[in-house]
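Here the structure comes first, spelled out in structure tokens, and everything after it is commentary.
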Amino acid sequence: MRFKDAAHEILKKSGKQLHYREITSIALEANMLDTAGLTPDASMGALLYTDTLKPNSRFRRGDQRGTFGLKITSSLNIDQHFQNIQTQVKKELRKHLLKIDPSKFEELIKILLEEMGFENTENTPYSNDKGVDVRGVLRSNPLSEVKIAIQAKRWSKNVGSDVVRDLRGSLRVADSEQGLIITPSNFTNEAKKDSIAQGKTPIRLIDGDQLVDLLIEYKVGVKLEEYVVPTIDGEYWSEILGVSIEETEQDQGISKPRKKTKDSIKNTFPLKIQAHHKEQYFEAEMLNINGEVSLKNQVFPTPTNAAKEVVEWKTVNGWDFWKYWDEKTGKWEKIGRLRDK
């Protein structure tokens, strides 16, 4: 048996890290090695050290000098890997936000607000902002607009109620201005209570988790990378080649998909959807439950992106805007109901 094959078998059986000399000793006692060399332990060590440098190596270097173990093969499915990547990216974004210069943080917030649909955004003088860092206008439709004053607090500690009071006192009452505080950290309980206190102008609070989600959603300081993942064409294997997919999946230890419910059978993808806007009906196709929409020979990543192609204002909830025909209820329903199912 070859050195590396013997090492793999020994490490797999032991279930722990071993020194290469111990691996060699066990292999020799079990007559697993075909070697005429005088220093088999040196050969074992050299081969394992070299092999760990290869990307497809079965081995990894151990916690102690000269020890080796087997690479841990992950049994996580693609969705779990995706969630792990998202969690790691969010952690890195939080770290970057806490390192950025406060003035640059205000500029970042201004850029984010513009991507979200704010208009006429402007930064106030950094040295004398009186509780306001950015001002802008948000139009929910062509006939209404909301003026908003934003305080950007690049703090590592929680933002207190004094910041809420300062921003409220700086609002332009004559313009019916509303307030928004954004921070990469969090807010104290007192700040949260004061922001929604009765008889006072409400102040919207955006904490670090929400901020990171917005940066990802609107691709500010974030880029999306796509990978092609191969999947088994079950219909081809069953219809053309006569292979029982269920038996194959069971043999390979692959979890079977959940049984289809009546709703999932009726509402298969691509699913025809429509929207009514300004006395006109717009038709599209929802390609999958994640919300990809095909409209005018163009694929949009979310229903909201597709809806923005139709409406004249920038802020719209695509999950409420588009509707599908539900055979169970016998009427057009918001596509957001599909996610609930």
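Computed quantities for the displayed model
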read-out	value
Rounded tilt (10° steps) of 40-51 against the dominant C-alpha axis of the chain	20 degrees
If the convex hull is drawn through the Cα atoms of the range 75-251, its volume per residue in Å³	198 Å³
Distance cut-off 33 Å, percentage of C-alpha pairs in the chain lying past it	56 percent
Greater than 21 Å apart at Cα, pairs in Lys99/Lys219; Lys16/Lys71; Lys104/Lys192; Lys223/Lys296; Lys95/Lys308; Lys90/Lys157	Lys104/Lys192; Lys223/Lys296; Lys95/Lys308
Projected area, mean over directions - the range 262-340, Cα convex hull, nm²	5.1 nm²
Approximate shape of the range 3-70 as ellipsoid semi-axes (Cα gyration tensor, √5λ), whole Å, largest first	17, 13, 11
Whole-Å distance, taken between Cα centres, linking the range 275-341 and the range 145-182	34 Å
Förster radius 51 Å - calculated FRET efficiency between Glu279 and Asp101, Cβ distance, rounded to 0.05	0.55
Backbone HN-Hα couplings from phi across the range 183-194 [Karplus 6.51/-1.76/1.60, Hz, Gly and Pro as x]	8, x, 9, 8, 10, 6, 4, 5, 5, 5, 5, 5
The range 262-340, relative contact order in percent, only Cα pairs under 8 angstrom and at least six apart counted	22 percent
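None of the figures in this text is laboratory data; all of them are computed from the coordinates on show. Bear in mind the structure is a predicted one, so any value in this text is a computation, not a measurement. Counting neighbours? That spans all protein chains shown, and the Cβs are built from the backbone with ideal geometry, glycine included.
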